[in-house]
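We did not get these values from a lab; they are worked out from the coordinates using the rules stated. For clarity, every value in this text was computed on a predicted model and none was experimentally measured. We place every Cβ from the backbone using ideal geometry, glycine too, and count neighbours over all the protein chains shown.
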Amino acid sequence: MSAIPNENSLTGLGNRMIRAWDRFWFTPGDPTILGLIRICCGLVVLYVHLAYSYDLQTFFGKDAWLSLEQINESRKHVPWVGPPTGWEPLSPIPASNPQEQAFIDRWTVHPSQVMAYGQPLWSIYYHVTDPTWMWVVHGTILTIMLLFTIGFCTRVVSVLTWLGLLCYIQRAPTSLFGMDTIMIVVVLYLMIGPSGAALSVDRLLACRRATRYALREHLPPPEFLHPPFSISANVALRLLQIHVCIIYAASGLSKLQGPAWWSGVAVWGTMANYEFSPMPYRIYMEFLRFLSQHRWLWELVMTGGSYFTLVFEIGFAFLVWNRRLCWTMLVAAVLLHTGIAIFMGLVTFSLMMLTLVLAFVPSATVRDVFGRLRGRMAGPQLRLGKA
Amino acid sequence: MGRVEFENVDGRSRRFRLCWFLLFGGMAANLASGVWFKAFATPALPLLLPGLVATGAAVAMRPGSAAVLGLAAVSGFLGWWAFQAWDSAQLMVGVLSAVAGFAAVVVLLPRAIQRVIVSVMIVLHFVGILSAVSSVPPTPALMNWAWTYLYRPYLQFMYLNNAYHFYSPEPGPGILVWFYVRYDDGSTEWYKIPDRAENPLAQEYQRRLSLAESTNQLLQIAPIPEEIRRRRLAAFERDGIPLYPPTLDLNMQRREPNPFSKEMLKNYARYVAHFKARQTGKTVSGVKVYRVVHNLPTPKEIAEGIDPTEKNFYYPYFQGEFTADGQLKDKDDPYLYWLIPIIKTTDPKAFREGKLPVYQPDEGRPLQLLDLLEVHAELPTESTPHVPPNFVPGEPGPAQRKNTLLDPAAASLHR
């Protein structure tokens, strides 16, 4: 007679953990929210890369801010020295010949201490440097991004969009900021999941084909309640969710190292930073002046803002999974990123973060909203509404 | 359910035929590209790129088919072979082909094994992300090893190498880079990044802000070597550009960038020289570069109505003068990496002589802006200044003996 493992025993606990893991990752999921994330992300991606049109040669040409020669040297020849795995620290090794000395002069490390050279990077702009052809490539990538946004041939164009993003990111790494970091994360996971299965031209075409087929075969017209659930949709959503939790936790916990966050004045460092904030605008300066002339108010806003940021960023990873608190955390995310967009001028970064946070919005809610919108806009043929 | 209807109307046999057509067409194109490359030593892009896209499209149509995935991997490796002239493209195609080959094996396995493999991949992926997150000092040794020896290529390739330490440990001041361009005909001009007027689009502006920030990776604060300090004080004797007042610690007045930022400075100086030469049609004889820290105003200053763009809020650190090709003209320049004072004082003349006029608001003497950056920018870059013979290293030099600026108690400047 086989013994049934006690739920409280180690075996029982292990089994429960495995079941929970399986349920968490491998339950078929609704791709509707992925479709919404794709649209939001695609719009930002398209805008960001359209903006590059002004700067194509400036950032990606042969004689760009970061020259082709420099980036090629960086990706092919930069030596990597590993940290010691024993107790002895790395100590300088003197050169024994002129070649070694030249190497040490260039890289400040002895060749025998190098574990690897270069970086495995990809960009078409390492190879295409003729201005005309660069425009052709840029135009093609923009077209791909547009197709990704509307969800046409999404499976293929999502991969091409990711490859396209890397072309810009890896060619001009010193001109990047947080928005680029988040953008590549979102596109990576949208590429893994069926992000074109909902709210896309792909879906529309498939529905049209189905309707035509039914009419041709004299079958009852099909009802499209919602796109097919899939495990890959759920995996992609979970990847997005875990990643956004890591981002907030890392951001929040690292702030604990800074005295300004503890003393509650850190927010002033963002609000009064002329390079980021809207300080050139008179109305904003008047607002700062008003705030500064009222010490109590100033302290309330700064301390409140600093502690709100800390509590939100550190707490997000723990609280957002709770059904009751999920919406509170999402509203807090909207507040935080609206503040970042207004006071720090990082609009595209905030939009990308909010797009990432969308991964926690239930698909049913999105379908409900879109269903109502469709109802108002009188599109009777395809019902994407309630399940 | 939608799924059923889709399966009915997919035109499975048509899609099936199209999938194989694309796959074999892609393979043929990639093979032909490889042969072309062997024959003519140039990549046959009009064949190769459609070949790779067709292969990808075939996989997108039947992602669960081991045969399609396996043949796509073969097609990809043909593309890899044909891409020999473009090393980074070869890398990318190689990685995608390897992924297809791996997937071809995985789809043949039982579902439970597939889930185990996917689970292991997820865990490995997120451990990698955590190794990047914890790669900023203080770093745990285990994570440091994991990042360096295991994850570095993966994270760099995917651009997932960010630590997400946004505004940590705390928000810092804005960093700008100012270039002072000198032309052969003796004319000069300033070029500054970022500049809202020149880059009104927020995206362009932010990109330039990031460029400026890349010059701000500095070596750790350490006591300034005596020889460097001696040269700087001798230069003060010669040019009348004293040290910054002792409100700022002396060791903070010279901040040397790390090798990465030095490389970036060379690049940027070269870019500006070429850009300005194209724009003006003149020959650039040199570019002086300043890394400028735009200090934050205090709430008190804002309350008093002080303009945060007044010049004394800017701390310019001289990064050297570069040739039009981005070579540092004089690595022994006495001002190299030193802060050039822009201050407000009641007596600019006395300040330039090394005295620190005490600010007493009751006297009614107004504070005047003293912009020594403009003075410094005009200086020629030449050899190290003459050092007076009575200078004793380690002891206060002649400049210091009459320079009350080294006395913190004398700090009386507005900023």
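Remark: the A:Val201-A:Tyr117 segment gains 25.8 nm on full extension, using 0.36 nm per residue and subtracting the alpha carbon distance. Note that the range A:245-360 shows a convex hull volume over its alpha carbon atoms of 103 Å³ per residue. Annotation: amide H-H contacts under 5 Å for A:His110 (H modelled 1.01 Å from N, sequence separation of 5 or more, or interchain): A:Ile93.
Can you tell me the dipole magnitude for the protein assembly as shown around its Cα centre, using point charges on the Cβ only (Lys, Arg +1; Asp, Glu -1), in Debye to the nearest 20?
Details: 70 positive and 58 negative charges, 644 e Å.
In debye, rounded to 20, the protein assembly as shown gives about 3100.
Rounded to the nearest 10 degrees, the angle from helix A:32-51 to the longest Cα principal axis of chain A is 40 degrees.
The magnitude of the dipole of the range A:146-261, with charges of +1 and -1 set on the Cβ of Lys/Arg and Asp/Glu and taken from the Cα centre, is near 160 debye. Once both labels are positioned 7 Å from their Cα atoms along Cα-to-Cβ, the gap between B:Ala98 and B:Ala85 label points is 2.6 nm. When chain B is described by a simple charge dipole with +1 on each Lys and Arg Cβ and -1 on each Asp and Glu Cβ, the residue from B:Ser119, B:Pro334, B:Asn144 located farthest towards its positive end is B:Ser119. Would you give the gap between the C-alpha center of the range A:173-202 and the C-alpha center of the range A:246-298, rounded to a whole Å? Comparing the Cα centres of the range A:173-202 and the range A:246-298, I get a distance of 30 Å.
Put in order of Cβ neighbour count within 10 Å, fewest first, the listed residues A:Ser200, B:Ser135, B:Ser119, A:Ser112 become A:Ser112, B:Ser119, B:Ser135, A:Ser200.
Under the convention that each Lys and Arg Cβ holds +1 and each Asp and Glu Cβ holds -1, the size of the dipole of chain A around its Cα centre is about 1700 debye.
Take the eigenvalues of the Cα gyration tensor for the range B:2-106, scale each by 5, and report the square roots as semi-axes in whole Å, largest first. Please report the intermediate quantities before stating the final value.
On the way: eigenvalues 158, 41, 18 Å².
Semi-axis lengths for the range B:2-106 are 28, 14, 9 Å.
The sum of -39500 (n - 2.57) across all DSSP H runs of n ≥ 4, divided by the residue count of chain B, sets its helix-only mean residue ellipticity at 222 nm to -15000 deg cm²/dmol.
Scanning residues 5 or more positions from B:Leu218 or on other chains, those with amide H under 5 Å from its amide H are B:Asn258, with H placed 1.01 Å from N in the peptide plane.
Considering every alpha-carbon pair of chain B, the percent of pairs per 20 Å bin, from zero through the bin containing the longest distance, is 19, 37, 26, 15, 2. Its Cα gyration tensor gives chain A an equivalent ellipsoid. The semi-axes, each the square root of 5 times an eigenvalue, are 40, 31, 29 Å from largest down.
Take the Cβ-Cβ distance between A:Ser96 and A:Glu286 as r, set R0 to 60 Å, and report the resulting FRET efficiency rounded to the nearest 0.05.
Values: r = 67 Å, r/R0 = 1.12.
With R0 = 60 Å, the Cβ-Cβ based efficiency is 0.35.
Counting only other chains, and only Cβ atoms inside 10 Å, what mean value do you get across the residues of A:64-70?
Working: counts 2, 12, 7, 7, 0, 3, 6.
If you average over the peptide's residues, the count of other-chain Cβ atoms is 5.
Give B:Lys262/B:Lys288; B:Lys288/B:Lys331; B:Lys192/B:Lys262; B:Lys262/B:Lys344 a once-over and call out the pairs whose C-alpha atoms are over 20 Å from each other.
Working: B:Lys262/B:Lys288 14 Å; B:Lys288/B:Lys331 13 Å; B:Lys192/B:Lys262 18 Å; B:Lys262/B:Lys344 31 Å.
From B:Lys262/B:Lys288; B:Lys288/B:Lys331; B:Lys192/B:Lys262; B:Lys262/B:Lys344, over 20 Å: B:Lys262/B:Lys344.
Between the range A:311-332 and the range A:21-43, the alpha-carbon centres lie 19 Å apart. In loop segments of the range A:1-80 as defined by DSSP, the GluC sites (Glu not before Pro) with at most 16 further C-beta atoms inside 10 Å of their C-beta are A:Glu7. For the Cα atoms of chain A, what angle does the longest principal axis make with the long axis of helix A:295-319, in degrees from 0 to 90, nearest 10? Result, in degrees: 70. Simple rule: put +1 on each Lys or Arg Cβ and -1 on each Asp or Glu Cβ in the protein assembly as shown, find the dipole, and look at B:Ala235, B:Gly305, A:Ala64; the Cα lying farthest toward the positive end is A:Ala64. Summed over qualifying helices (DSSP H, 4 residues or more, each -39500 (n - 2.57)) and divided by its residue number, chain A shows a 222 nm mean residue ellipticity of -21000 deg cm²/dmol.
Each residue of the range A:209-218 is assigned a 3J(HN,Hα), and the resulting list reads 4, 5, 5, 4, 4, 5, 5, 5, 8, 6 Hz, derived from the Karplus form 6.51 cos²θ - 1.76 cosθ + 1.60 (θ = phi - 60°), x at Gly and Pro.
Going by how many other Cβ atoms sit within 10 Å of their own, how do B:Leu219, A:Leu291 line up, fewest first? Let's see the in-between values first.
Values: B:Leu219 12, A:Leu291 21.
Ascending number of Cβ neighbours within 10 Å: B:Leu219, A:Leu291.
Computed over the protein assembly as shown, the P(r) tail beyond 37 angstrom holds 52 percent of alpha carbon pairs. FRET efficiency for the pair B:Gln368 and A:Trp135, taken as 1/(1 + (r/R0)^6) with r the Cβ-Cβ distance and R0 = 56 Å, rounds to 0.60. For the range A:73-151, what does the alpha-carbon gyration tensor say about shape, rounded, prolate or oblate, given a ≥ b ≥ c as the root eigenvalues, a/c under 1.5 as rounded, and a/b over b/c as prolate? Judged from the Cα gyration tensor, the range A:73-151 comes out oblate (a/c at least 1.5, b/c at or above a/b).
Would you mind ranking B:Leu109, A:Leu330, A:Leu336 so that the residue whose beta carbon has the fewest other beta carbons within 10 Å leads the list?
Ascending number of Cβ neighbours within 10 Å: B:Leu109, A:Leu330, A:Leu336.
Per-residue Cβ counts within 10 Å, from other chains only, averaged over B:290-299: what number is that?
Values: counts 0, 0, 0, 0, 3, 2, 7, 7, 3, 14.
Per residue, the number of nearby Cβ atoms from other chains is 4 on average.
Over chain A, Cα pairs under 8 Å with separation of 6+ residues give a relative contact order of 22 percent.
Specify the angular offset, from 0 to 90 degrees and rounded to the nearest 10, of the alpha carbon long axis of helix B:259-280 from the longest principal axis of the alpha carbons in chain B. Tilt relative to chain B: about 90 degrees. For a modelled paramagnetic label at A:Phe24, 7 Å from Cα along Cα-to-Cβ, the residues of the range A:347-365 in reach, with backbone nitrogen under 17 Å, are A:360. Remark on B:Gly320: its backbone amide H falls under 5 Å from those of B:Val289, B:Tyr337, a criterion applied only to residues 5 or more positions apart or on other chains, H modelled at 1.01 Å from N. Inter-part distance, the range B:315-350 to the range B:51-118, computed on C-alpha centroids, equals 55 Å.
Taken along its three principal axes, the alpha carbon spread of the range A:151-233 comes to 61, 21, 16 Å, from the longest extent down to the shortest. Structure remark: mean-square fluctuation, Gaussian network model of chain A, C-alpha springs under 10 Å; the largest value among A:Arg295, A:Arg155, A:Arg203 belongs to A:Arg295.
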